[in-house]
């Protein structure tokens, strides 16, 4: 049996971001699902906090028969850390993502792990460019999307992304996972060497918590900049189970 690959997007994104990966998984014979977290993409529910996002992933896992490789991109790493203790999950994949520990939030990880790794510039420009709204959400201007998240992509791909990114609740960034799945599940961290949003030294600090590490010469969005290389990693993991 080949495990089902479940794809969890990061902040400001939706299931749409995986649309270059899912056809390649299908061609490789790998069952897969790309899901929208509440309030993102085509999901019309209200935004949820970290726990609501994790519960939405767990509900999706309930509907799957057999083993799962659970993938989280960026903020999605915090989500799969919480949801990944589900009995279906055999392997976690952190794609330039936050592999949080107990009582550690995404915001704290940026500060504490950066200090531990002696990193002065963690996410250059992202925080400064973010627009914070009265409803507690944030949005990113096109310049931040293109220059920090999709910097290795061609202009048409950058436009494709900037037309689709949306709002992201900020409260999620201050919450700690209720469970730490990488302590009880096999895990792979994919370091993205040209990432300007979560810089490689910070990624490697979090990758040290995982079972294995891969490195790709891509930006923060490998599902767009090199979907074939990412699919190769995911397909190989799925075919183990």
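The values are calculated or read from the model by the stated rules, or taken from the named source; none is laboratory data. If you're wondering where the values come from, they're calculated on a predicted model, not measured in any experiment. Reconstructed Cβ throughout: ideal geometry from the backbone, glycine too, with neighbour counts over all protein chains shown.
Reported count of residues in region 62-85, each being surrounded by fewer than 22 Cβ atoms within 10 Å (Cβ to Cβ) and either touching a helix residue (DSSP H, G or I) at 6+ places or on another chain (Cβ under 7 Å) or modelled with pLDDT under 95 (or both), is 1. Restricting attention to region 199-216, the residues being in contact with a strand residue (DSSP E or B) (Cβ under 9 Å, 6 or more places away or on another chain) and touching a residue at least 40 places away in the same chain (Cβ under 8 Å) number 6.
Filtering 180, 190, 165 for residues that are farther than 17 Å from residue 223 by Cβ and either under 16 Å from the mean Cα position of the chain (by Cα) or without any contact (Cβ under 8 Å) to a residue 24 or more places away in the chain (or both) leaves a single hit, 180. Counting the residues of region 164-192 that are out of contact with any strand residue (DSSP E or B) (no Cβ under 6 Å at 6 or more places or on another chain) and part of a loop (DSSP other than H, G, I, E, B) gives 10. At least 3 residues being touching a residue at least 24 places away in the same chain (Cβ under 8 Å) is the threshold, and among the helices (runs of 4 or more DSSP H) wholly inside region 12-99 those reaching it are 50-62, 76-83.
Comparison of 101, 154, 112 shows that the only residue that is over 18 Å from the mean Cα position of the chain (by Cα), surrounded by fewer than 21 Cβ atoms within 10 Å (Cβ to Cβ) and at pLDDT 90 or above is 154. Go through the residues of region 132-145 one by one and say whether even a single one is assigned to a loop (DSSP other than H, G, I, E, B) and under 30 Å from residue 28 (Cα atoms). Within region 132-145, none of the residues are assigned to a loop (DSSP other than H, G, I, E, B) and under 30 Å from residue 28 (Cα atoms). When 179, 174, 144 are screened for being surrounded by fewer than 22 Cβ atoms within 10 Å (Cβ to Cβ), touching a helix residue (DSSP H, G or I) at 6+ places or on another chain (Cβ under 7 Å) and at pLDDT below 95, only 174 passes. On the given criteria, is residue 149 touching a residue at least 24 places away in the same chain (Cβ under 8 Å), crowded, with 19+ Cβ neighbours inside 10 Å and under 17 Å from residue 127 (Cα atoms)? In short, yes.
So, of the residues in region 196-241 that are touching a helix residue (DSSP H, G or I) at 6+ places or on another chain (Cβ under 7 Å) and part of a loop (DSSP other than H, G, I, E, B), which turns out to be surrounded by the most Cβ atoms within 10 Å (Cβ to Cβ)? So the residue we want is 221.
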